[in-house]
Every structure is written in C-alpha cells, then in structure tokens.
Amino acid sequence: MANTSTVDHHDDHHAPTGLKRWLYATNHKDIGTLYLIFACTMFFLGGAMALVIRAELFQPGLQFVDPQFFNSMTTMHALLMIFGAVMPAWTGLANWMIPMQVGAPDMALPRLNNFSFWLLPFAFTLLLLTLFIPGGAPAGGWTLYPPLSLQAGDSFPLTIFAIHLMGISSILGAINVVVTIMNMRAPGMGLLNMPLFCWTWLITAYLLIAVMPVLAGAVTMLLTDHFFGTAFFTAAGGGDPVMFQHIFWFFGHPEVYILILPAFGVVSEIIPTFSRKPLFGYESMVYASASIAFLSFIVWAHHMFTVGMPLAGQLFFMLSTMLIAVPTGVKVFNWCATMWKGSISFETPMLFALAFLFLFTIGGFSGLMLAIVPADFQYHDSYFVVAHFHYVLVPGAVFAIMAGVYYWLPKWSGRMYSEKLGKLHFWLSTIGVNILFFPQHFLGLAGMPRRIPDYSTQFADWNMVSSIGAFVFGFSQLLFVYVIWQAVRSGEKAPARPWEGATGLDWELPTPAPYHSWDPPPTREVVAKGVAQQH
Amino acid sequence: MTYVYRSIALLLALTVVASPLTAHAEWGDLNMPVGVTELSKEIHSLHMTIFWWCVAIGVFVFGWMIWSLVAFRKSQGAEPDVTMTHSTKAEIIWTVIPVVILVIMAIPAARTLIAIEDTRDTELSIKVTGYQWKWHYDYLGKDVKFFSKLDRTSDETRQLNSGLDPHAVPDYLLNVDNPLVVPEDTKVRVLLTAQDVIHAWWVPQFGMKKDAIPGTVNEIWFKVDAGKTGVYRGQCAELCGRDHGFMPIVVKVVSKQEFATWLAAQQTGATPTVASREPAPSPRG
Amino acid sequence: MLLRLLGVAGGAFAFGFALVPLYDVLCDITGIGNSKDLLRPTSITAVNTPSADPDRRVMVEFVAELPTVGSWEFSPVVYEMAVQPGKLYEVDYVARNLTGRDTVAQAIPNIAPGKATAFFRKTECFCFTPQHFAQNEERVMPVRFVVDPALPSHIDRVTLSYTFYDNSTRVAAIED
C-alpha cells in the first residue's frame, strides 16, 4: 500500500507537500493511504507476535518465552489485529472508496477524518509501550475479563486509555462514513443504488457508533474498580465478574460483524466483476446485511455459555445464534448464484474473493457447531474456537482486505501489479492459512485448551504442522508488500477500467483517480450509467 | 504458474519431512472423545450429528461453487447471462430450507440441555475451588479435602529451557500430585467456585466444562459408566494468569468399594467436625 | 447530523453503564435469580406459607469460602439439612478473625443452582450487614431461612454458599 498516493499529484494544486501533506491531511485518499499503511504496519507487528506464539508452540516444552510473556503475546496479538489492523484497514478502504463510489469529491468531514486517523498512532504507541514497562504488557486476554485483568500492573491504565483512544477514533471514523453516505451522494445515486461496499460500511458504521461506547463504558468501569474503589465487577463489594462478560460481549459480538460486514461488501463487488454478471439478489444482500447486524445484538451470550446460565437463557442464545446462519446463508447462496452462468476469470482479486467464499463458509460451519450449547460445553475455550474465529477473520476479513487492495490498486495508483506475483502470494497465503488453522480444529476437539504456552505431548504433531503453516503464511505476506511496492514504483500503466466486468461510479473515474474524486460532481447520465451496470 | 506449483510442492514436502520428527505420533487424535459418561456420549453424538449436517450442506454449497467455477470459465468461452439478477422464488427457498435444518438441529440440542440441567438424585457432592494455579477438592460432609497441583516431574520439565525432554515425562502437563477420586456409576455433583480469578474445570472425557467464578457457585454433574474405571485427564479452560497452562485436572475413577476404602483412609486421623443435624437426611433416591 | 450521531454515541456510552442496574432487573424478571436479593431480608410473614406437600424434603448444603488463606476461619456448623419447604430453619456459621487486627468482613451469599435463588428466603443473616470483628474474636452467626414451596420440583438439592471477604474499604463502600 506504500505511497500509493504519491503518484496522483497531477490534480493536486493547493495541498501541502512532504511531511505536512500527511500530518495535515484532509484529503480522503491521503487519509485512506495513511490508514492502510498503519493497518499494514500493525498487521506485521501483530503477525510477529503470532509467530512468537507459534514458535513457542512448535514443540512441547518452553523454549523461547516465559508463560507471562506468552500471555502478553496472545493479548497484544488480538488487540493489534482487531483494533490496529483489520478495523483501520476497513476505514482506509472506506476513505478511499466511499467518495468515489457515491460520487462525492471527498469525505463529508475532512478535519475530523484527520483527527480520527492521528489518534491511532498515539493509541497504539501507548499500547505497545506497555511491552517495555515493569510488569509487562497486559496478559489477561484481549477480552479483559476481571478479576484477572485487574491483576495487571502498570500496563493497566495505559491499556484502558489506549482502548479509549481507539474507540474514539473508530466512532469518529464511523460518523464520517454515515454523514458522507447520507449527505454527499451525487444526484441520482439513491441509497438502493449504492455499491454493496457502501451499504455494508453504512451498517458497520451504525454498529460502531452503537457499541464502541459500550466497550468504553465497560473498560471505564474496570478502571474505576481498579483505582477508585468501585465494585462493579468485584464480588467482595457486591459486584459480579460475570456482568463484565455480558457488557463486554454486548460490544464484542457486534464487533465481530464490524470486522466482517465490509468484507461481505468487497466480495460482493469483486465476484460480479470477475463473473461479468450483475450481483444476484442485490436487495436481499442489503436486507441480509441489515438482519445480521440486528441479530448481532441479541446473541452475545453465546461467547459465555459456560458461566452458568439458566436453561431459558441458553436456549434463547442458542436459537438466536443459529438464526444468524440464515441471512449469512442467503449471502453465500447469492454469491454462488452470481457466479452461475457467468463468465469467470481468475485474476488475483477474484482468487482472494473465492478463497474468502470457501474458507469463510468453513468458519461458518464451525460457528454453527459452536452455537449448539451442549456441544459448546466441549468446544468452549479450546483450540476449536481458535480455529473457528481465525477462519472467519484471516481467510475471511483479511483475505477480503487483500482482495480489495488488489482490486482497486490500479484505480488508486494508475499502475498494475504483477499478476504472476499476485497469484504466487495468493497460493502461498491460502495454502499456508489452511495448514495453519485447519489442524487447530483437531487439537481443540482432542482437548487442547486455548491460550496455553505449553501442551501435553499428545498435541505435539498437529501443533508442529500448525506452526509450519504459520511461518509460511506469515512470510508470504512480505511478498504482498513487495507486489504492491513494485506495482506502485514500476508497474505497467493501468487502463481506466482494468477489469472487463468492473461496474459502478468508481470505475467511471479516470485512472489514476483524480485527487478530488468527483469534482465537479458526476452528471446524472454518468451516475445512471454507473448504477445501471450495478443491477 | 510454475512458481505456484513449486511452492505447493515445497510446502507438502515440508509437512511430510516434519512428521517423523515427533516421537509420539498422535495423528489419529482428530475428533472429540466419546467419553465415559452418559452426558459425554450424548454430547458426542450431538456433535457428530451437526458435523454431518455441515458436511452435507458443505457438499451442496462447495459442489455448487466448484461446478460454477469449472463450467462457467471465460477461458472456455462461457458467455455471461446478464439477465439473471434475482429470483424471489430462489431467495425464499434458500431462506426456508436452512430454517428447517436449523430447527431439526435445535431439537436434540434442547433435549440434551434439559438432561444436563437435571441435577436430581446426586449421591456425592464435591466442591472444586480454583486457585492460581491449582485446584482444591472438598468432599462435602466427608471431611476430606486437599489441593491438587501439577506433578513435580512435569513442573521441572516445563521450566523455560529446562533441557528436559517433555516426551520422556509420562502424561506431561496432565499429571497431578493428588488426583480427584470418584466412584464409578455414581451421580457426582461438582460445585465450582474460585478463590482469586475465573478458572474453568474441564475433563473432555466427562463431556462438560464450566467456569469457576469467585463469589459464585456453579454446578455440574457427571456419572461415569459402570466398568469405566480408570484415570481421566483435563485442564483449566479459562485464562487465569501466568500458569494457566499448568493446572491440570486428574480424576481417578474407581469401583464403589475401592472408593469407600480410599475415603475411609483419607478420613483416618481427621476428626469429623462437620456432621449432619436435624432429621436424618431424607433418602435421596 | 454530526451532533446527532455524537449524541447517539454518548447515549450508547451511558447505556453501557445502564446495563449495570438493567442486569439486576433482567435477572429478576427472567427468574435467573438475582443473588443481590440474598443480601436483603424477607419479612417473616411473607415466608410463612405452609407447604402443599408435607412430605417433600429438599436437601440444603452449606458451604463456606475464604478468599484469603490463613487470616480467617469460617465454616458452617452443619454441612447439610433436610428441609421442609415453607418451614423456617436456623443454621449457624462460625467465623474467627485471625488477621491480627480489628476488622470488618462482609459475607457474599450465592445459591446453586442459580434457579433456586428466587426461592430461597432469609429472614435473618449475617450477610445483611458487614460484620465487625475484634482481634481474635470468634463468633457464631445465625442464618434463618425458608425454602419457598414453589421451588420447582426438579430441584432436590440447594447449596447456600458464603464467601467471606475481609476488606474494610470495600465494605465501607457498600455500607453507605
């Protein structure tokens, strides 16, 4: 993603240059690029932590790290990947694409946009600093369950403050998306004409605004419990540690969909393009996304079936969770129907989208299994869960981000990436990710708990395979950076519509996209043309 | 594309090369254990039922995808049918059928849940308390209580760079100094609580896990089938700090007679300070 | 629009805190069993309802938990009782302060199974108020309770557990 914007200077008359261009950035493309570079950096840092974990788990016995540091690694890996890599990557893509797709010159609130981005480096600097203070980084899991999280040392207030900053950043970013989509659409661009990426992001933005503050509330209560003698979650003062889990997952489950809904949007753009056929069931896709978002508010307790819930509660959360399979199924079937009777070609973005389709579905199956409460009593907190959520987040969310980057890179930079290297990156990633995560299903079912630094010898074989997969997957991502760097520096010039089947307003712009996307706004004819192809 | 094939070959080779490095081949450990209790068997069969449903749905969905990818390749001259944009009938079908399948899955799950919740007629109550990082077992009303923590050999081996080979330790990390002893064919009620942070008590062969939460008492029960005496192992399943990975659970299931002898031996020397009062306890059967 | 959305975010933040009392309310109305009710006395008249089934007995187990090892002794005098629903019973717990100072302790009650919480009524309990203990003081503390005859028939065994927290600051906070 590096420097993708440096090449679109031709339209840039007034903007400052050099460092100031980025520090004072108000242009949606510059900010989008900043977000993507930031996300990429965090992806590699979080990935390095994952490799520490997998290196330690390569063999039984402790070879490299102390158990406490191991716990810090799992905790920080999760926080970095969720809040530092996937969410900012989506915000980056939203910044780049939403104005281009709805026919706007820029985001609605450019200065707010700058502020939401620049909060992030500070938030993550705070968080990463905890690695170097006495007592070490937070080690109680990213879920911060008390009383364990309250045992943390000096890292505790830094972590809470970092989470607050990330939360504010996400909320402001989400507000910007909502305002842009609601107010800045070009004439003729109705809500139900928007590309699905805008739709899923709009829904995501509302989810963010609704639940990030709840997380802020939960961690604030932790903070006051720790420092100011309140007893929200302390049994000794009449509080209840289980209540934290309820509040946390009330945020946490919608958060899962915050990570995955924009992926649905990207895939819904890419599959039609490379099938050379309009998306099947556009409206049902919108409604399915909205129902998934709604359902996400009433399933939270499926993360905590083992805390001892009454029968009625267990049944309710089991049924509501299973219900999510219905709109998700509708989406998968619609994608299949989009490919049916299409004319399919297999460029790198399509390959990533297809891997998403296959592997996300596998994650969906294990999700369905986890919804069955009695079976969950076995699966819960085992490697089966680890396999499940990595299947939906890595070949799910992360692959969709990569698909989106490959897909739109020619439009952003005006240059093509190397298709050969892109395909190599794809195959290495896909094979690596499966070797990495598929054996974890076996480990979990055989009884290996998650978040342990060392394990009994019966788990040795599959852990070794999993670690090999991790290193293959991890190092292949360096290739990703190389492919993009090479494309931006010396790629072939890209045509305005590098993909034969690409439709929508974003593809009506010249390549590379002008600095201020739609300035002047698109005429009704152009909008109508972009919209007509969409359906 | 040669790059691609070469890298695939390399990966496969790596995987194959790595496999003989491990002495204890446990490649066969792929599935949930059937277990030795009524509930664990029920849960296992539920697990297999959902699994096969998922396989069936997977065959259909993946079959559809692969068929599309093969049959409608541009390279084979496929022409897109751009008029195919929606079909209300199809949408209804693929909404209703999944709902029906889900209901079919939910019914046995609900039945098993109700069985799990039925805590009547237990014959022995054991209070299990999680500590950082060991378990405490208290046979309620029997005046037998003890701590149970990782055995010394595992503990020495698991130290950072101990230089000791985990493969040489029998039941590495799954062995304790004092195992929990329970009789076979007896409905045992386990009361779970914790002293400091949240832990979770999990013996996969018993089919159940539940959190041990400070200030709260949770209950589960298990009844090991007659004839299934032996040693069953599990681990703490809720992150509880530094040594979360090092507080295993070992349950020794013995015959009723052996249990009575063991219990009596444990009680020797201890003065029973706690006894039953009030009308003789009503029969629990 | 910006302000409205910020308002929504602010509202959601407040909602996070509102979940705290809402959690108790939900526990009450869904019958999950709100263990905070165990911290409040029930009037004697409200509980003195004769059982429909005079032969029914429910086993009540008494459990004592100490979160701090070595600084207290705390245990029930009896381990279990066969109880007739609707009848008032009394049971004693004994506590001894070994902390080496005068202190305050608060017992936090809990019932297993959770569903039985709503049917377990206490007219007197040492957990209603923080208990002051002089150095080395040993005290017998009674609990008077009734098991509601409406207790679902599939429950035949109820565990009453107390966790005995020695924490003067926290106790002061809830004492008001």
So, in the stretch A:415-431, of the ones that are surrounded by 23 or more Cβ atoms within 10 Å (Cβ to Cβ) and small (Gly, Ala, Ser), which residue ends up nearest to A:Leu359 (Cα to Cα)?
A:Ser429
Which one of B:Arg242, B:Arg233 is over 17 Å from B:Glu123 (Cα atoms), assigned by TED's automatic domain parsing to the domain that holds B:Val181, among the charged types (D, E, K, R) and in contact with a Leu (Cβ under 8 Å, 6 or more places away or on another chain)?
B:Arg233
Out of B:Thr88, B:Thr157, B:Thr83, sole residue that is more than 30 Å from B:Phe222 (Cα to Cα), assigned by TED's automatic domain parsing to the domain that holds B:Val203 and polar (S, T, N, Q):
B:Thr157
Kindly establish whether B:Leu10 is under 31 Å from the mean Cα position of the chain (by Cα), modelled with pLDDT under 95 and not assigned by TED's automatic domain parsing to the domain that holds B:Arg233.
no
What's the number of the condition B:Glu117 fails, among (1) at pLDDT below 90; (2) under 30 Å from B:Ile43 (Cβ atoms); (3) touching a Lys or Arg at 6+ places or on another chain (Cβ under 6 Å); (4) not aliphatic (A, V, I, L, M)?
(3)
If we keep just the residues of the stretch A:377-398 that are touching a helix residue (DSSP H, G or I) at 6+ places or on another chain (Cβ under 7 Å), at the interface with chain B (Cβ under 9 Å from one of its Cβ atoms) and not hydroxyl-bearing (Ser, Thr, Tyr), which is farthest from B:Ile114 (Cα to Cα)?
A:Phe384
Selection status of A:Leu120, at pLDDT 95 or above and farther than 18 Å from A:Leu34 by Cβ:
no
Check on A:Asp506, in contact with a helix residue (DSSP H, G or I) (Cβ under 8 Å, 6 or more places away or on another chain) and within 30 Å of A:Ala375 (Cα to Cα)
no
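Which of the strands (runs of 3 or more DSSP E) contained wholly in the stretch B:102-219 include at least 2 residues that are within 11 Å of chain A (Cβ to nearest Cβ) and over 18 Å from the mean Cα position of the chain (by Cα)?
B:187-194
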Report yes if some residue within the stretch A:242-252 is more than 30 Å from C:Ser161 (Cβ to Cβ) and assigned to a helix (DSSP H, G or I); otherwise report no.
yes
One residue is enough: does the stretch C:131-138 have a residue meeting the conditions within 14 Å of chain A (Cβ to nearest Cβ), more than 21 Å from B:Thr129 (Cα to Cα) and either touching a residue at least 40 places away in the same chain (Cβ under 8 Å) or not aliphatic (A, V, I, L, M) (or both)?
yes
Is the stretch B:56-76 home to any residue that is facing chain A (nearest Cβ under 7 Å), at pLDDT below 90 and either out of contact with any helix residue (DSSP H, G or I) (no Cβ under 7 Å at 6 or more places or on another chain) or in a loop (DSSP other than H, G, I, E, B) (or both)?
no
Leading residue by the ranking (surrounded by the fewest Cβ atoms within 10 Å (Cβ to Cβ)) among those in the stretch A:304-334 that are among the β-branched types (Val, Ile, Thr) and either in contact with a strand residue (DSSP E or B) (Cβ under 8 Å, 6 or more places away or on another chain) or more than 8 Å from chain B (Cβ to nearest Cβ) (or both):
A:Val307
Does any residue of the stretch A:163-178 turn out to be surrounded by 19 or more Cβ atoms within 10 Å (Cβ to Cβ), closer than 21 Å to B:Cys240 by Cα and either β-branched (Val, Ile, Thr) or modelled with pLDDT under 95 (or both)?
no
From A:Gln486, A:Gln440, A:Gln458, grab the single residue that is facing another protein chain (nearest Cβ under 8 Å) and of a type in the set (S, T, N, Q).
A:Gln458
Odd one out for A:Leu311, checked against (1) under 18 Å from A:Phe197 (Cα atoms); (2) without any contact (Cβ under 8 Å) to a residue 12 or more places away in the chain
(1)
Being facing another protein chain (nearest Cβ under 7 Å) and touching a strand residue (DSSP E or B) at 6+ places or on another chain (Cβ under 8 Å) is the filter; apply it to the stretch A:344-365 and report the residue that is surrounded by the fewest Cβ atoms within 10 Å (Cβ to Cβ).
A:Ser345
If only one of A:Met100, A:Met76 is surrounded by 24 or more Cβ atoms within 10 Å (Cβ to Cβ), touching a Gly at 6+ places or on another chain (Cβ under 8 Å), assigned to a helix (DSSP H, G or I) and not small (Gly, Ala, Ser), which one is it?
A:Met76
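The values are calculated or read from the model by the stated rules, or taken from the named source; none is laboratory data. Keep in mind that what you see is a predicted model, and the values were worked out from it rather than measured. When we count neighbours, we look across all protein chains shown, and the Cβ atoms used for this are built from the backbone with ideal geometry, even at glycine.
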